[in-house]
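Have a look at the structure below, then the notes.
The values are calculated or read from the model by the stated rules, or taken from the named source; none is laboratory data. Every value quoted in this text rests on a predicted model; they were computed, and no experiment measured them. Glycine gets a Cβ as well: all are built from the backbone with ideal geometry, and neighbour counts include every protein chain shown. Heavy atoms of the whole protein, side chains included, go into the accessibility calculation; ligands, DNA and RNA do not. Shrake-Rupley method; radii C 1.70, N 1.55, O 1.52, S 1.80 Å.
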Amino acid sequence: EVQLVESGGGLVQPGGSLRLSCAASGFTFSGFWMHWVRQAPGKGLVWVSRIYSDGSHTIYADSVKGRFTISRDNAKNTLYLQMNSLRAEDTAVYYCARDCSNGDYHWFDPWGQGTLVTVSS
Amino acid sequence: QSVLTQPPSASGTPGQRVTISCSGSSSNIGSNTVNWYQQLPGTAPKLLIYSNNQRPSGVPDRFSGSKSGTSASLAISGLQSEDEADYYCAAWDHSLSVWVFGGGTKLTVL
């Protein structure tokens, strides 16, 4: 069964740091791009970042550029999101998602269950 | 303010057909495919439709997607109580070089 399990969320003070992890199983992790998507309480989905299968290329939403870093360890089948200089507006459930493609077009499937990050003093 | 525009709410009675619209621009929907995600209350999003109109295995054929120009639609026929959820459209935006989502539509089954 293809599965993604996030961890590492919690309460952090403004200006603090947190590293999220996403453990993948049931598929060849090293063969897929991966994404982080977040959802603030009661709000919609917002894409955060994407990484290529070999980690060679990353892109970010403007709102997190320069503060967040996406990375992966293919030997450990794990995706990461290092979050620095956290702000109250970063409070959200963070989901990891696998990128699927038919060559030209992409979609996210599956998604993990999410991990909650709360930034508050 | 989301790049893709969806109605915040939709509703229908069991057995009815409902549609949810998603409006974008030439840099996203107009030049890329649209995906739809279903988020049941308290759960993670789940892929519902990909590449405009393709259903993943396990998704009932009551769900269908379409795209025309810079807009897309999700149709749900034979509405059931378990369809009550939030629905999101998404597409790659090649001008912004980011993935964009609609603000989500909360579907209520009356």
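Note on the range B:47-110: the alpha carbon radius of gyration divided by the globular reference 2.2 N^0.38 Å gives 1.20.
Across chain B, the convex hull enclosing all Cα atoms gives 92 Å³ per residue.
Applying 0.36 nm per residue to the separation of A:SER25 and A:GLU89 and subtracting their alpha-carbon distance, the gain on full extension is 19.9 nm. Surface listing: A:GLU89, A:GLU6, B:GLU84 arranged by accessible area from highest to lowest gives A:GLU89, B:GLU84, A:GLU6, probe 1.4 Å.
A:CYS100 contributes about 10 Å² of solvent-accessible surface, heavy atoms of the protein only, 1.4 Å probe. In order along the range B:23-33, the phi-based Karplus estimate (6.51 cos²θ - 1.76 cosθ + 1.60, θ = phi - 60°) of 3J(HN,Hα) comes to 10, x, 9, 5, 8, 10, 4, x, 10, 9, 7 Hz; Gly and Pro are listed as x.
Isolated cysteines in chain A, defined as those with no second cysteine Cβ under 4.7 Å, comprise A:CYS100. Remark: relative contact order (chain B) = 38 percent; criterion is Cα-Cα distance under 8 angstrom and separation of 6 or more residues. The residues of chain B expose on average 44 square angstrom of accessible surface per residue, using a 1.4 Å probe on protein heavy atoms. For the range A:17-121, the alpha carbon positions stretch 42, 26, 24 Å along the principal axes, listed from largest to smallest. Ignoring lysines fewer than eight residues from A:LYS65 along the same chain, the ones with Cα atoms less than 22 angstrom from its Cα are A:LYS43. Mean sequence separation of contacting Cα pairs (under 8 Å, at least six apart), scaled by the length of the range B:53-98, corresponds to a relative contact order of 23 percent. Sort all Cα-Cα distances of the protein assembly as shown into consecutive 10 angstrom bins from zero, then give the percent of pairs in each bin up to the one containing the longest distance. Once binned at 10 Å, the Cα pair distances of the protein assembly as shown give 8, 33, 36, 19, 4, 0. Mean-square fluctuations from a GNM of chain A, with a 10 angstrom spring cutoff on Cα atoms, peak among A:ASP90, A:ASP73, A:ASP62 at A:ASP62. Taking a straight Cα-Cα cut-off under 19 Å and skipping sequence neighbours fewer than 8 places away in the same chain, the aspartates and glutamates within cross-link reach of B:LYS67 are A:ASP104, B:ASP93.
Taking 30 Å as R0, compute the FRET efficiency from the Cβ-Cβ separation of B:THR13 and A:GLN113 and round it to 0.05. FRET efficiency, B:THR13 to A:GLN113: 0.40.
Per-residue mean of foreign Cβ neighbours for B:36-49 is 4 (Cβ atoms of other chains, 10 Å radius). In this assembly, the B-A interface accounts for approximately 1600 Å² of buried accessible surface in total, computed with a 1.4 Å probe and without ligands, DNA or RNA. Charge tally for B:PRO41 (other residues, Cβ to Cβ under 14 Å; Lys, Arg +1; Asp, Glu -1): -2.
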